[in-house]
Every structure is written in structure tokens, then in C-alpha cells.
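See below for the structure under consideration.
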Amino acid sequence: MTMHETDTATRESDTEERVADRSHLPLERRIEAILMVADEPQGAVHLATALHAPVKDVKAAIEALRRDYDGRGDGPERGFELREVGGGWRVYVRAAYDVDAADFVLTQQPTRLSQAALETLAVIAYKQPITRGAVAAIRAVNVDSVVRTLLGRGLIREAFADAETGAIHYETSELLLTQLGLNSLDELPPISPLLPDGEEELGL
């Protein structure tokens with residue numbers, strides 16, 4: 001191997017090592033990236049494990065993010081905030097801007113839901129309140145993106161977070177009843193006659 005090839009291999013090895021351990025990136029930004037895409041509250045221990053960082057450093061970074069979002073640092077108050085729910089942390093729209101966010105979602109040009117979204121919505125409607133994990137178990141597929149779509153459309157909402165696990169339970173919203181022309185969930189048709197033979201074991 002030539003000197004040039006050796007230097008190139010060394011640089012590539014160093015780069016791969018830095019990418020693998022991620023320790024060169026700011027911990028606050030790494031936590032922020034996870035919280036922006038997470039569907040469930042994330043506890044400090046869970047984040048520390050995922051990021052291979054000390055728990056005390058993760059807790060300090062979370063507090064720094066809270067101060068930043070609340071405008072207690074060098075920047076302005078953000079339209080979102082970090083809330084601790086169910087023993088974990090999650091990004092939420094700040095209460096003062098809830099109306100703006102809701103109006104935006106509800107006034108967007110409606111488009112048809114995909115088959116996956118309709119099936120997930122049906123599971124939630126008949127099994128609510130239900131966690132995302134339970135929905136995924138029933139449908140035997142990952143439903144993260146579909147749940148986000150339904151939340152964005154305002155068709156479902158967060159009912160509560162489990163006190164022990166932090167798992168969020170979802171339920172349908174009044175908007176869904178309006179879209180279906182129903183006064184209450186009691187008016188939903190029985191599900192069993194609508195299922196193909198052999199699917200009753202799904203528990204719907």
C-alpha cells in the first residue's frame with residue numbers, strides 16, 4: 001500500500017469512527033433530533049442509552065433545551081416547548097399557539113386517506129383508548145407514520161399517557177364523528193359482520 005493510500009485509509013477510518021460514536025455532535029442537538037420524530041415521551045435513561053451518554057449529561061441537555069425553547073437563553077421563546085409527561089419528554093405546540101396549529105390543520109385541502117390510514121383509524125375507533133404499539137400488534141405492521149398522519153388530520157388525539165410506561169393512548173376526535181355524520185361512537189356499526197372469516201381473533 002502506498003503512502004497516499006495509507007493516509008486515505010486512515011482518514012476514512014477516523015471519519016467512520018467519529019460517525020459511529022457521534023460524540024463529536026452536540027448532545028442537545030442529538031436529543032432534539034430524536035424528540036422531533038418520537039411518537040412517545042422519551043425518558044432521560046432511554047435517551048442516554050440510545051445516545052451512549054451519561055444520564056446526568058442528558059438531563060442537563062434537556063434542561064438546556066427547555067430554557068432555550070422558553071426564551072430563557074439568548075434566543076426568543078419558541079412556538080413549541082418540551083413537556084414532561086408519563087415520565088418522559090416530548091415536543092408539543094406551545095399552548096398559546098394551539099389555535100393557530102389547529103386552524104392550519106383543519107383548513108388544509110382534504111385528501112383521501114390511504115388504506116393503511118383507514119385501517120389504523122378503524123382499529124383506534126373500535127379499540128380506543130389504545131397505544132400505538134397495540135395498534136401495530138393488531139395490524140402486524142409499523143404504524144408510526146400513519147398515526148402521525150391521523151394526528152395531523154385531527155382525526156385522533158392523545159387521550160392520556162400511561163403512568164408507568166409513558167406510552168400514549170390514542171382516541172378518536174369529535175372531528176371524526178363530524179366527518180362520519182355520527183353523534184357518538186355508540187353509532188358505529190358492529191365490527192364483526194364486516195370482518196372476513198377468521199379475523200375475529202384480532203379482537204376488534
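The values are calculated or read from the model by the stated rules, or taken from the named source; none is laboratory data. Everything quoted here is computed from the prediction, not taken from an experiment. We place every Cβ from the backbone using ideal geometry, glycine too, and count neighbours over all the protein chains shown. Areas reflect the complete protein model, heavy atoms only, side chains present, ligands, DNA and RNA absent. Shrake-Rupley method; radii C 1.70, N 1.55, O 1.52, S 1.80 Å.
Using R₀ = 25 Å, calculate the FRET efficiency as 1/(1 + (r/R₀)^6) where r is the Cβ-Cβ separation of Asp100 and Arg67; round to 0.05.
Numbers: r = 24 Å, r/R0 = 0.94.
It comes to 0.60.
So who's got an amide H within less than 5 Å of the one on Ala159, skipping anything under 5 residues away but keeping other chains? H placed 1.01 Å off N, in plane.
His169, Tyr170, Glu171
With all protein chains present, calculate the accessible area of Leu185 using a 1.4 Å probe and round the result to the nearest 10 Å².
Leu185 has an accessible surface of roughly 70 Å² with all protein chains in place.
Determine ³J(HN,Hα), in whole Hz, for all residues of region 90-95 in sequence, where each value follows from phi through the Karplus function 6.51 cos²θ - 1.76 cosθ + 1.60 and θ = phi - 60°; x replaces Gly and Pro.
Ordered by residue, 3J(HN,Hα) equals 8, 7, 10, 5, 5, 3 Hz.
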